[in-house]
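Q: Can you keep this structure in mind? I'll have questions shortly.
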Amino acid sequence: MKPLTTQAVSSRTGPQKGASPRINAERHGLSSPLALLPIAVLHIESEGEISGLNEEGHQLIETLLEAGATPCTDQLRALAENVDITGETVIQAISWLKGGQTHWLEATVIPTDLESSFIIARDSTLEVNMRLALVDSRQRFKDLVEISSDFAWETDSDGVSVFVSPSGALEYPAQTIVGMKARDLLYQPSVQAGDVIFETQAVVDKTELWLKNAEGIAACVLASAIPISAKNGQRTGARGVCRDITADRLRENDLARLKVREQVITYVVDAVRNEARPTDMLSTAVTSIGKAMTDTACAVYQRDVQDGLNLVAHYGALSKSQDLVEAIGRVCTDFDLHEDFIDNQNILMTATQYRNDMNGAVLLCRPPGAEWSSHDQSLLSAVAGQLGIALQQITDQEELERLSRTDALTGLFNRRAFMEELGRAILGSRRHGFQSAMFFVDLDNFKTVNDTHGHDIGNHVLSKLSEILRGAARSYDFVARLGGDEFALWFENIDKYTARRRAQEIIRSCKSLDQFSGATGKRLGLSIGIAMDTPQSVESSDGLLKRADAAMYRAKHSRKNNISIARNNGPRQIEP
């Protein structure tokens, strides 16, 4: 058996080949820039031994060993052997089971010049799960279409119906329509084939069509269709969907307005259904509403956690007066329609909601003299519900993004978010010629607190410390809980002496935590390591954090409740 330190399950999605040169293995060992990547880096030697080149790589090895993915090891070796033969970099999906669930990695296998390979592995579980969720969502949408009051249909090259929604159409059972000439459904059959939507040779979008139902009575439908063609371009039929709008069309005095209303609502609903980003949903919706109504601007406001109203989408000329926002907040305290005259504009507005929770407002604006009709009021009421859904989706998306980047207990950045922000902050600080500081903070004798008082008190201590650290940071600094009782702070544009003074202030502020100490001889305190960053430095964010970490341990081992400043990457890197 060849020596192993990890195993992996390979699920081939097709190698992505590139004629990349082989990496010089002697120049890319443990000190390789590859090993400094913030994702897992593995090494497969010619004998088949798999080892991690960085902390993430070691963690991946441990994860795979825990998952027991031994049967897939040979597949991974075979992939590495093939890469070694071809000399081409390959990207492949790798999966394994853990806790009854499938986890996925995107593994990039890179050949070297010593019959070995590097593997850069990125966790793609979330992306795969999202794709699976998208497939499920599409199936759900298909099911809803099939059971809706709309009916879908398809004809062959001769105009004969080959499919209709299972529920049938126009009071006909589905089996009655299938096999009959679709043009026979027309209330007044057209002589020209090109005039029949069921035999269309071009895209038809939301056109009115009069058909006859099973009792021979005229029925008006809103129809959309597309032609179907074979690979050689020859037309093979048509496919479309129809909505019965007979009841609306029989109201002759409101026919034109109802048509506009239905189309606008359809656009808004389609935007909410089909746009991937909630902000795009709102932009499409307000544009559709504004274009459908003469001389009308449309705007949507979102309510924030302080009950303020923020403009998130608008179309047309909109007043920038603060009076407008104040008026919206004043009158949109219920779900009724309200009219007002503000900044020489006629305003019609109403609140939006999601599950009876008022989450914003939508308004229409017109020049003086243009009155609001019952049709306008009906349209605004109809779209408010859909816009409320879109606003909630924005809120949900923002909350998901926040949760993915924050520590659940303290609300601070988590390690991943901190490293992302740190990389950008270091580049900006060096570009502006700033000297900056990285603080690594660790609680002294924290384990004793948990052992003596329990984890609830321990969590309370961590929360209080996070408040102190957050209070020490300026608006352009940032704080993170890296894990356990370890925290990190980035102070931009600060020299070494000010950094030390700031650390001393933090330690003094934490004296209030002494009351939670677990034992008299083990007082609760802080050890702080500081690593300075200069404009001339080329050190990575990971290296900077490691230097601050090493300084913290020096402070802890020399005298707890202490501060140490790391000088550089040389042998004497800690300043007492």
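Q: Excluding residues fewer than 8 places away in the same chain, name every one of the aspartates and glutamates whose C-alpha is closer than 13 Å to that of Lys496.
A: Cα-Cα hits under 13 Å: Asp533, Glu575.
Q: Going highest first, how would you order 116-124, 489-497 by mean Cβ packing within 10 Å?
A: 116-124, 489-497
Q: Rg and Dmax of segment 453-549, Cα atoms, in Å?
A: Cα radius of gyration and Dmax of segment 453-549 are 14.7, 47 Å respectively.
Q: By counting other Cβ atoms within 10 Å of each Cβ, how are Leu337, Leu64, Leu36 ranked from fewest to most?
A: With the sparsest Cβ surroundings first, the list reads Leu36, Leu337, Leu64.
Q: Another question about this same structure. Quick one: net charge around Arg523, please, counting Lys, Arg +1 and Asp, Glu -1 for every other residue with C-beta under 14 Å from its C-beta.
A: Neighbourhood net charge equals +4.
Q: Right, here's the next one. Using only alpha carbon positions, build the gyration tensor of segment 333-464, then give the equivalent ellipsoid semi-axes as the square roots of 5 times its eigenvalues, largest first, whole angstrom.
A: With the √(5λ) rule applied to segment 333-464, the semi-axes are 50, 23, 12 Å.
Q: On a full-extension model of 0.36 nm per residue, what is the gain between Asn129 and Ala202, subtracting their alpha-carbon distance, rounded to one decimal in nm?
A: Extra length available between Asn129 and Ala202 comes to 22.5 nm.
Q: Then there is this: Could you name the aspartates and glutamates whose alpha carbon sits less than 14 Å from that of Lys560, not counting residues in the same chain fewer than 8 places away?
A: Asp442, Asp444, Asp514
Q: A further question follows. Could you list the GluC sites (Glu not before Pro) in segment 324-405 that lie in coil according to DSSP, counting only those with at most 11 other Cβ atoms within 10 Å of their Cβ?
A: Passing sites in segment 324-405 are Glu371.
Q: Also, quick follow-up: Can you give the Rg to Rh ratio of segment 148-250, both from alpha-carbon atoms, with Rh computed by the Kirkwood formula?
A: 0.95
Q: Based on other C-beta atoms within 10 Å, arrange Met419, Met130 from fewest to most.
A: Met130, Met419
Q: Please compute, for the alpha-carbon atoms of segment 256-401, the extent along each of the three principal axes and give them in descending order in Å.
A: Projected onto its principal axes, the Cα set of segment 256-401 covers 45, 34, 25 Å.
Q: Follow-up. So which trypsin sites (Lys or Arg not before Pro) in segment 398-476 pass both tests, a DSSP loop state and at most 14 other Cβ atoms within 10 Å of the Cβ?
A: Arg474
Q: A follow-up question, please. How would you rank Arg131, Arg547, going from fewest to most other Cβ atoms within 10 Å of each one's own Cβ?
A: Arg131, Arg547
Q: Across segment 226-240, in residue order, what do the Karplus-derived ³J(HN,Hα) couplings come to in whole Hz, using 6.51 cos²θ - 1.76 cosθ + 1.60 with θ = phi - 60° and x for Gly and Pro?
A: Per residue, the Karplus-derived 3J(HN,Hα) values read 9, x, 10, 10, 7, 4, 7, x, 6, 5, 10, x, 8, 9, x Hz.
Coordinate-derived values only; no laboratory data. Quick caveat: nothing in here was measured; it's all calculated off a predicted structure. We place every Cβ from the backbone using ideal geometry, glycine too, and count neighbours over all the protein chains shown.
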